[in-house]
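Chemist: Got a structure for you, written out below as C-alpha cells; questions coming shortly.
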Amino acid sequence: METMRLETAIAPEKIAAMYLQYEVERFYTHEAALLDHLRFEEWVDLFTDDTAYFMPIRRTVPRRNLSREFTRPGEMAFFDDDKATLVGRVQKLGTGTAWAEDPPSRTRHLVTNVRIVEDSGTELTVETCFHLYRTRLKSEIDEWIGRREDVLRRTEEGFRIARRHIYLDQTILLSQNLSNFF
Amino acid sequence: MTTAAPGTTAYLESLVNVATGELDRRIFSDEEIFELEMKHIFGRAWLFLCHETQIPKKGDFFEAPMGKDNVLVVRQRDGGIKALLNTCTHRGNAVCRAEEGNVRNFMCTYHGWTFGLDGELVGVPGMSDFYHDDLDKTKHPLRKVAQLDNYKGFIFATMDPQAPPLLEFLGRTGRIGIDLLAERGDIEARPGVQKFTLNCNWKFAVDNAFDYYHPQITHISAQAVGMIPSADATDTGGAKTDEGKSLGVQRLPTDLDTLVALGEYGHAISGPSLDSILKTLPTEMHELVTWRQNPGPLAFLGPVGSRFAGHPHLFPTAWFTMDSQISLRVPRSAGVTEVWWFSFRDRNESPEEQRAQLGRQIHSFGPAGFLEQEDGENWSQSTMQTRGGASRDIPQLLKMGLGRGKIIHEDGVARIEAPVNEYAQLWTYLSWLEWVKGTGWDELRSSTTPGDHI
Ligand code: FES
Ligand SMILES: [Fe+2]
C-alpha cells in the first residue's frame, strides 16, 4: 500500500489552517498551565498593554428579553480590568498576605472547543469553552464553566491577548469569591 | 451558655450581653433562632427591595427577597409600583422564573392562570368548561406586601400591616444613611446587580460593615498595592505571622478619628469622620465627599449627618457604601447568605467621572473586588466554628471601647466620637435581641432608642 504524502492530498490552505489551530491551542494550554502552576507574573505578560479583561453579570431573564441577559462594558460587571488592574491583581497575590489565596486554591483550567472565528491578519478572534475547577481548604469545591471570547494579537513574541470577555454559565454565583483568573 | 429553655425570652436574653460585650455563638447557627429571625425580623421590618430606576418602563420587574418570600417589584401601567408575592394563587407555582425583565402580564406555567401587572387574576384556562364559570377571579389576585413605600427612589416593603410608616422606621439615622447616597446628585442604578453566595450566617456579613478593625489585616494585601491608604503609625500589639514575623500592620489613617451614629430599630453608621477622610484623600478626589457640604444635601443631612464618611447600615441587612453602592445581605438559611451589590451613578457627573466611579465600584467590592475577595472566608470559617460543641461555648467578643461610648445627642442624631471601636456592632446585636424576642413596635422603638452611653 502506498503512503500518500500529506501535502499532495490536502490543500495547502487547509494545512495552514490546521497549523494555526495547533498554534492557538498550544497557546491556550500553555496559558492554562501557567495559571495552574501559580505562575501569575508570566501569565499576565500574555496580555497586551491595551488589553481589556471583562466578565459581565449574567441574569436570568425571560426568553424575549435575552438581549439583556449580559451586562455590557460601561455597566456593572465582575471583572472590568485594563492591564494595570490585572497587574495589580497579580501584585496583590504576590504580597504574601492575600489571604483569599493563602493557603492557595488548587485550580485546573480546562480549555476546549477552540474556534477561530475571525482572522484579520494582525489579530484573531477566538472562542473557547472552559471549565475552571477549584478546590480550597479541606473540602470546598467551586466550578465555573463558561465561554471566552478572545482577541489574540500576533506579536513577535507570539500571541498576546488583546481582549478577553468571559461569559459564565451562572447567574447568582455559587462561590464566595472570584479570587482566580479565567 | 445558659440554663434557660431554648425559645423562651430568658433564653434569648442570655444570648446577648451588652454589659460584657459578649454574644453566644449559637445565634449564628441555630436553626430555631434563624426561624425566629425570619418571623420577627424579616416578617416585620421594612426591607430594601430595589431602586425605582431599575424598573423604569411599564411591565419592568425585579425579583427581590423578603425573608423566604420572593417578591416581584413591578412598574405599573400608570407609572406606579407594586410588590407582589411571586406565588400563584392556584397552587403555588412561581408566576415568574426570571430575576428581572419586562412582561405584559404574569402567566403561571403550571395551569396557565394569568395575572395582570397589578396582580389581578385576569385569565383562567377552562373557566367555563372546567370551572363552570363558578370561580370568583377577584378573590384570587397575587398577594401584595402589607406596605410599600419609596424614599427618594429607594423602594422598601414590609410584610407587617402594623409596622410604622417607612419614614418613622428609618428615623433620622436611617434617612441620613440613604441621603448620603441619594443626595449626591441625580441618582440612577447601574444595570447589573452582582450576586454571590457565602457559606456564612448573615449577621457576620452585617456586623462587618461597621468593622474598621479588620481592614488593616484582612485587606492588608489591598493596602500593599495601594487600593486603600495606610498610616505610618502602627500599633501591632504583638501580632505576628505563622513564621513569627511582624507584618508591619499599618492602620488606616482615619482610624483614630471615627464617628458612630446609633439609631432606633437598630440602624447605625460607623467609620471615618469627614475631616479624617479628607486628610487621606488626594485633593482631586475630595469631591467624593465634599458634595455633602453643598446647600441642597446639607439641608437633609444637617451639620452632624454631613460629617459621617463611614458605613451607614439600615437594619437588618442594607449597607450603604461611601461610593454609591448598597450591599444587601440576603439570608437563605442559617449558614448560607447571598450578597447582592446594587451600584449607582450620578447622571449629572461627567462621563469620565462616571467611568472612574464604575471602576472603583467593580474593583473594590463584589466577589472579585480587591477588598471583598478576602472577606467571605473569614465569615464562612467563623460560621463553621460556631457549630462545634465546644467551640460554640466560647463567647463572641465585642469589647472594644466597651463602657467608654459617650453618646452625644445633637441635631436629632445620637453619635459617638472615638477611635476604631465596636459600638455599632454592639448596637446591632442589642437591637437584634429586641427584634427576635418579638417585641411589639412601641416597645421595640423605645428599647432601641439610644441613651447616654454604651
Ligand atoms: S399553580 Fe399556577 S395555574 Fe396552577
Ligand atoms: Fe472587609
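Chemist: Using +1 on the beta carbon of Lys and Arg, -1 on that of Asp and Glu, and nothing else charged, what's the dipole of the stretch B:94-170 about the Cα centre, debye to 20? Don't skip to the answer; put the middle values down first.
Modeler: Numbers: 7 positive and 11 negative charges, 34 e Å.
In debye, rounded to 20, the stretch B:94-170 gives about 160.
Chemist: Next question, about the same structure. What percent does the relative contact order of chain B come to when contacts are Cα pairs within less than 8 Å and at least six residues apart? Walk me through the numbers on the way to the answer.
Modeler: On the way: 882 pairs, mean separation 91.8, N = 454.
So the answer I get is 20 percent.
Chemist: How large is the accessible surface of residue A:30 in square angstrom, using a 1.4 angstrom probe and rounding to the nearest 10?
Modeler: Probe radius 1.4 Å; accessible area of residue A:30 about 90 Å².
Chemist: Shielding by partners for A:87-97, please: the mean number of other protein chain Cβ atoms within 10 Å of each residue's Cβ.
Modeler: Working: counts 1, 6, 5, 1, 4, 11, 2, 3, 6, 7, 11.
Counting Cβ atoms of other protein chains within 10 Å of each residue's Cβ and averaging gives 5.
Chemist: Oh, and also: Provide the solvent-accessible area of residue A:95, counting protein heavy atoms only and rolling a 1.4 Å probe, rounded to the nearest 10 Å².
Modeler: Around 50 Å² of this residue is reachable by solvent.
Chemist: Using the Karplus equation 6.51 cos²θ - 1.76 cosθ + 1.60 (θ = phi - 60°), what ³J(HN,Hα) coupling, rounded to whole Hz, does each residue of the stretch B:246-252 give in order, writing x for Gly and Pro?
Modeler: For the stretch B:246-252, the Karplus curve yields 7, 7, x, 4, 10, 5, 6 Hz.
Chemist: Can you show me the helix-derived [θ] at 222 nm for chain B, built from DSSP H runs with n ≥ 4 at -39,500 (n - 2.57) apiece and divided by the number of residues, rounded to the nearest 500. Intermediate values should be presented prior to the final figure.
Modeler: Numbers: 13 runs with 112 residues, N = 454.
When only DSSP H runs of four or more count, the value is -7000 deg cm²/dmol.
Chemist: Another one. Along the charge dipole of chain A, Cβ charges K/R +1 and D/E -1, which of A:66, A:28, A:79 sits furthest on the positive end?
Modeler: Of A:66, A:28, A:79, it is A:66.
Chemist: Here is a follow-up. Let me make sure I get this right: for the stretch B:345-434, a, b and c are the square roots of the gyration tensor eigenvalues over alpha carbons, sorted descending. Under 1.5 in a/c it's rounded, otherwise prolate if a/b > b/c, else oblate. Which is it?
Modeler: Numbers: a/c = 3.07, a/b = 1.30, b/c = 2.35.
Taking the square roots of the gyration eigenvalues as a ≥ b ≥ c, the stretch B:345-434 is oblate.
Chemist: Counting only residues 5 or more places away or on other chains, whose amide H sits under 5 Å from the amide H of residue B:49 once H atoms are built in the peptide plane?
Modeler: Correct list: B:155, B:156, B:157.
Chemist: Which of the three applies to the stretch B:172-447, rounded, prolate or oblate, going by the alpha-carbon gyration tensor with a ≥ b ≥ c and a/c under 1.5 meaning rounded? Walk me through the intermediate numbers first.
Modeler: Values: a/c = 1.32, a/b = 1.13, b/c = 1.17.
Rounded, because the longest to shortest axis ratio a/c is under 1.5.
Chemist: Over the heavy atoms of residue A:109, what accessible area does a 1.4 Å probe trace out, to the nearest 10 Å²?
Modeler: Accessible surface of residue A:109 is approximately 30 Å².
Chemist: With all protein chains present and a 1.4 Å probe, how do A:31, B:352 order by accessible area, largest first? List each step's numbers first, then the result.
Modeler: Numbers: A:31 5, B:352 130 Å².
Ranked list, largest accessible area first: B:352, A:31.
Chemist: Rounded to the nearest Å, what's the spacing between the alpha carbon centres of the stretch A:37-54 and the stretch B:285-363? Just the number, please.
Modeler: 32
Chemist: Got a sec to turn the phi values of the stretch B:440-451 into Karplus ³J(HN,Hα) couplings, 6.51 cos²θ - 1.76 cosθ + 1.60 with θ = phi - 60°, whole Hz, x for Gly and Pro?
Modeler: Coupling constants for the stretch B:440-451: x, 4, 5, 5, 4, 5, 6, 6, 10, 9, x, x Hz.
Chemist: Quick check: the angle from helix A:83-94's long axis to the longest principal axis of chain A, C-alpha only, nearest 10 degrees?
Modeler: Tilt of helix A:83-94: around 60 degrees.
Chemist: Kindly provide the trypsin sites (Lys or Arg not before Pro) of the stretch A:20-66 that DSSP labels as loop, not H, G, I, E or B, and whose Cβ sees at most 15 other Cβ atoms within 10 Å.
Modeler: Here the trypsin sites (Lys or Arg not before Pro) that fit, given the DSSP loop and packing criteria, are A:39.
Chemist: Right, here's the next one. Which of the residue pairs B:58/B:152; B:82/B:437; B:152/B:279; B:68/B:437; B:203/B:437; B:68/B:144 have a Cα-Cα distance greater than 22 Å in the structure shown?
Modeler: On the way: B:58/B:152 19 Å; B:82/B:437 31 Å; B:152/B:279 31 Å; B:68/B:437 19 Å; B:203/B:437 16 Å; B:68/B:144 15 Å.
The pairs that break the limit, which is 22 Å between Cα atoms, are B:82/B:437; B:152/B:279.
Chemist: Separate question: Do any trypsin sites (Lys or Arg not before Pro) in the stretch B:372-405 lie in a DSSP loop with no more than 10 other beta carbon atoms within 10 Å, and if so, which?
Modeler: The qualifying sites: there are none.
Chemist: Starting at the first residue of the stretch A:148-156, write each ³J(HN,Hα) from the Karplus equation 6.51 cos²θ - 1.76 cosθ + 1.60 with θ = phi - 60°, in whole Hz, x for Gly and Pro.
Modeler: 10, 10, 10, 10, 9, 9, 7, 10, 5
Chemist: What's the average, rounded to a whole number, of partner chain beta-carbon atoms within 10 Å of each residue's beta-carbon in B:375-387?
Modeler: Numbers: counts 4, 5, 8, 2, 1, 3, 1, 0, 0, 1, 0, 0, 0.
Rounded to a whole number, the mean comes out at 2.
Chemist: Once you keep just the Cα pairs under 8 angstrom separated by 6 or more residues, what percentage relative contact order results for the stretch B:316-388?
Modeler: Value for the stretch B:316-388: 17 percent.
Chemist: According to the square roots a ≥ b ≥ c of the eigenvalues of the Cα gyration tensor, what is the shape class of the protein assembly as shown, taking rounded for a/c under 1.5, prolate for a/b larger than b/c otherwise, and oblate for the remainder?
Modeler: Details: a/c = 1.76, a/b = 1.24, b/c = 1.42.
Because a/c hits 1.5 or more and a/b fails to exceed b/c, the protein assembly as shown counts as oblate.
Chemist: Using +1 on the beta carbon of Lys and Arg, -1 on that of Asp and Glu, and nothing else charged, what's the dipole of chain A about the Cα centre, debye to 20? The partial results should precede the final answer.
Modeler: Details: 26 positive and 31 negative charges, 164 e Å.
That gives a dipole near 780 debye.
Chemist: Of the options B:94, B:50, B:322, report the single residue whose Cα projects farthest towards the positive end of the charge dipole of chain B (beta-carbon charges: Lys, Arg +1; Asp, Glu -1).
Modeler: B:94
Chemist: May I pose another question? Which order do you get for B:160, B:235 if you rank them by accessible area with a 1.4 Å probe, largest at the top? Mind showing how you got there, number by number?
Modeler: Working: B:160 20, B:235 115 Å².
Of B:160, B:235, the descending order of accessible area is B:235, B:160.
Chemist: Also: Write out the trypsin sites (Lys or Arg not before Pro) in the stretch A:110-170 meeting two conditions: DSSP loop, and at most 12 other Cβ atoms within 10 Å of their Cβ.
Modeler: Details: sites: A:115, A:134, A:136, A:138, A:147, A:148, A:153, A:154, A:160, A:163, A:164; in loops: A:138.
When the trypsin sites (Lys or Arg not before Pro) of the stretch A:110-170 are filtered for loop state and at most 12 Cβ neighbours within 10 Å, A:138 remain.
Chemist: While we're looking at this one, here's another question. Would you pull out the residues with amide H under 5 Å of residue B:338's amide H, same chain only if 5 or more places away, H placed 1.01 Å from N?
Modeler: B:198, B:330, B:332
Chemist: Under a 5 Å amide H to amide H cut-off, with H placed in plane at 1.01 Å, what residues pair with residue A:79 once short-range neighbours are removed?
Modeler: The list, which skips near neighbours in sequence, is A:55.
Chemist: Where does the charge balance sit around residue B:443 when Lys and Arg score +1, Asp and Glu -1, over other residues with C-beta under 10 Å from its C-beta?
Modeler: Values: positive: B:437, B:445; negative: B:434, B:442.
So the environment of residue B:443 carries a net charge of 0.
The values are calculated or read from the model by the stated rules, or taken from the named source; none is laboratory data. Model, not experiment: these values are computed from the prediction. Glycine also receives a Cβ, built like all others from the backbone with ideal geometry; neighbour counts cover every protein chain displayed. Just so you know, the surface numbers come from the protein's heavy atoms only, side chains and all, with ligands and any DNA or RNA stripped out. Shrake-Rupley method; radii C 1.70, N 1.55, O 1.52, S 1.80 Å.
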